[in-house]
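Okay, so here's the structure we're looking at.
The numbers here are math on the coordinates, done by the rules we state, and not lab data. Just so we're clear, the structure is a prediction, and the values are computed from it rather than from any experiment. For neighbour counting, all protein chains shown are included, and Cβ atoms are generated from backbone atoms with ideal geometry for every residue, glycine included.
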Amino acid sequence: MNESTFPGTQHLSSSTEPMSSTPDPAPATPAAAPPVTPAVSPVPTTAATPVQTPVPPRTVTPPSNYAEMPRPTAKLTAEDMHPVNEPNGAKGKIGPTGRPLPDLPDVLPPTRRGPAQVIAMCNQKGGVGKTTTTINLGAAIAETGRKVLLIDFDPQGSASIGLGVQPHDLEISVYNLLMQRDITPDEVIRPTRVENLDLLPANIDLSAAEVQLVQEVAREYTLSRVLEPIIPLYDVILIDCAPSLGLLTVNALTASNGIVVPLECEFFALRGLAMLTDTIGKVQDRLNPKLEIVGILGTMFDGRTTHAREVLDRVVQAFDERVFHTVIRRTVKFPETTVVGEPITTYAPSSSAATQYRDLAKEVLARCPAG
Ligand code: ADP
Ligand code: MG
């Protein structure tokens, strides 16, 4: 594994229990919890002292068991669902990750087209926000004038559904592109209702590819090979991976230069991260040395609960500056967008949820060399 790419992950990959055993600060119990001010200052008191740069690598002692983690204690209120305007606070303030927020400059329109940065949304855990992030990050980047392609690489076809495409109605999908040499990308790619945003859809057929690809020559490079002709046509290509570390996901990682790891700010979130970083390391060593973690993204964050902040704090301890300053808060708006089949940036353009994905787009573009 390229250690410089993974600050703090050495520790995680050598441990099956990647969180700290330090006794947790007494979590608020429902009885003891005072009424909490909603989402304005989601900062744990322990993080009141900003971490100064340069940050020495911190060692984290793994927990002896997960029962030590604080459990959710508070129910969401309406205000939590719709935090007061500023999702992540202003520049210089301590952000939800416990670090001072950087000044993210506005993204300028692109000066040229391509070659595309290819970024995989990857976490073998399901329900962590991969698909939601692919769609909404993609739409937020498309808003900046960049040409974006979303690749649905999950046989469940959730990214396709989230953009209003019914997977079972598809006559041709990413499966055909992978398995049939006479199919070209333009036969499968379709525009979406969002300007600058195209979709390479998937459906259940893709699950057969996982098996059929095993017999292919250079099977790990199949997606990379079929994407080659369209790399110059896009600025950013986002791949929505399936919740597994099987051959399809290895294909996605081999075709990518970057990975975004969405992580639910929740109790068992860090479980499995060691296996994920191990797989990433193997792909880097054996298949794709260009691959880097663009960032770890906290999703479904509820700033009122001690345990959500604790989880985020531990992720920052392990991954330092690889953790995005932007976190995505929990809101009912996201399930709603799936029903209407469009991104949050068009469904509720001025919501804080849309602002959070626009902030994430700024961070992602700033971290990608070609911007
Ligand atoms: P994955 O692709 O990792 O399986 P999804 O993006 O499909 O995860 O998210 C799982 C579920 O959680 C979906 O129903 C989605 O609408 C919902 N969801 C995602 N992000 C949020 C959020 N920030 N707040 C509330 N619900 C969310
Ligand atoms: Mg998904």
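Could you tell me whether any residue of the stretch 99-121 is in a loop (DSSP other than H, G, I, E, B), within 22 Å of PHE334 (Cα to Cα) and in contact with a helix residue (DSSP H, G or I) (Cβ under 6 Å, 6 or more places away or on another chain)? No, the stretch 99-121 has no match at all.
Criterion applied to PRO100, PRO109, PRO115, PRO105 was being more than 12 Å from ligand 2 (Cβ to nearest atom), closer than 15 Å to SER256 by Cβ and not aliphatic (A, V, I, L, M), and the one residue passing it is PRO115.
Taking the stretch 183-234 as the range and being without any contact (Cβ under 8 Å) to a residue 12 or more places away in the chain, more than 23 Å from VAL165 (Cβ to Cβ) and not small (Gly, Ala, Ser) as the test, the residues that pass are VAL211, GLN215, GLU216, VAL217, ARG225, GLU228. Selection of the stretch 146-179 for residues being within 16 Å of ligand 1 (Cβ to nearest atom), closer than 16 Å to PRO191 by Cβ and either hydroxyl-bearing (Ser, Thr, Tyr) or touching a Lys or Arg at 6+ places or on another chain (Cβ under 7 Å) (or both) yields SER160, GLY164. In the stretch 140-165, of all residues being in a helix (DSSP H, G or I), over 20 Å from ILE259 (Cβ atoms) and in contact with a Leu (Cβ under 7 Å, 6 or more places away or on another chain), the one that is nearest to ligand 2 (Cβ to nearest atom) corresponds to SER160.
Among the candidates ALA218, ALA255, the residue that is surrounded by fewer than 24 Cβ atoms within 10 Å (Cβ to Cβ) and aliphatic (A, V, I, L, M) is uniquely ALA218.
Considering only the stretch 250-258, I want to know if a residue exists there that is β-branched (Val, Ile, Thr) and either within 22 Å of GLY298 (Cα to Cα) or in a loop (DSSP other than H, G, I, E, B) (or both). Checked against the condition, which is being β-branched (Val, Ile, Thr) and either within 22 Å of GLY298 (Cα to Cα) or in a loop (DSSP other than H, G, I, E, B) (or both), the stretch 250-258 yields no hits at all. Within the stretch 210-226, restricting attention to residues that are charged (D, E, K, R) and touching a Leu at 6+ places or on another chain (Cβ under 6 Å), the residue that is nearest to SER244 (Cα to Cα) is GLU210.
Considering the stretch 326-356, the residues that are part of a loop (DSSP other than H, G, I, E, B) and near ligand 1 (Cβ under 7 Å from one of its atoms) include one that is farthest from ARG367 (Cα to Cα), namely VAL332.
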